[in-house]
Structures are given as C-alpha cells and as structure tokens.
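Report on one structure; see the data block that follows.
Just so it is clear, none of the values below were taken in a lab; they were calculated from the coordinates. Keep in mind the model is a prediction, meaning the values are calculated, not measured. Reconstructed Cβ throughout: ideal geometry from the backbone, glycine too, with neighbour counts over all protein chains shown.
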Amino acid sequence: TEHHPTKDDLLPLVSSNPFIPPGHEGLILRGLLAGFQSDYVSAAHLLVPQFEACIRHFLESSGIHVTTFEHDGTEKYKLWGGMLDIPVTRKAFGEQYIFEIEGILLSEAGFNFRNELAHGMLTEAQCISVPAVSAWWLMLRLCLQPVAARFSGNPDDSIET
C-alpha cells in the first residue's frame, strides 16, 4: 500500500532481462503492476503461465534442449519437473528458488497454484490468497535478480545465461 509504481518505473525490470523471453515483457510488466495495485486476480492470471515460459527461455538461452523427440517423430516440450531437475537450472536459480517454484506453483504438497489456476479450479477469493501473492512476489524477485546484480557489480548474484 505504500508503493505505487508506474509502468515506466517497472520497465527496467523486464527490459533486456535474461530471464524473460522476448515478446513476454509486456505480460510480465502488466502482471507485476497488477500486484502492486493489489489486483492479484489479474497478476495471477498474467504471471503464473509465464514462469514456465521464462524457465524454458533461460534454458534455451543457455544452450539446453527443452524439447524431446517421441518415438513417433513428434517433438514435445519437457515438462516442468524435467526442466527444474536439470543441473543448469538448479545451479542458476539455486535450491531456494527451485523449492519456492515447486512449492508455490507445482507441488500437491504445496499450494499447487499453477495447476489449480490452469485448470480453472480457483475461485476469485483463492486468487486473492497467500499462493497468489507468493507467486507475484516470486516473479518480482526473479525479475529483480539481474538488475540487482548490475548494481552490486557481482554478476554471480544474477540469473544469467
């Protein structure tokens, strides 16, 4: 309630961010802004699907293949769990972020927020909840990593490709 950033204030968080796929900046910007405006319904619907796209983009930018070829010749994207278990992902994001991503978004032992949201199982009230705010906060922190590293002068503090 104390901070009321504008799109222009948040633009540096998404511009040229190695975590964000090209063309997704506006979606993430809108989601982050919605969270600052306490509109967690919009923030959840905009940001939650972007986590997977961001992880996939990060891995592709690191030269990691995020698709598999099936025996019938079709190509499929690796599932979330497969992408998070890749050593490059675990090293780049660290165990704490992996734990949070899994706990907030994916695990049935956690909030399972991504699956509940994606399948339309959440009520409006559930989109204004601890998991919704936690997902928004997690995306904000992930977007801040490269910016913080630039200011600290220590690129090891950042999720970099």
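For the reader, a short list of remarks on this structure follows.
- Candidate set: segment 1-12, residues that are free of Cβ contacts under 8 Å to residues at least 60 places away in the same chain and in a helix (DSSP H, G or I); chosen: the one surrounded by the most Cβ atoms within 10 Å (Cβ to Cβ): LEU10
- Residue in segment 60-81 that is surrounded by fewer than 17 Cβ atoms within 10 Å (Cβ to Cβ), more than 27 Å from SER129 (Cα to Cα), in contact (Cβ under 8 Å) with a residue 24 or more places away in the chain and among the polar types (S, T, N, Q) present: yes
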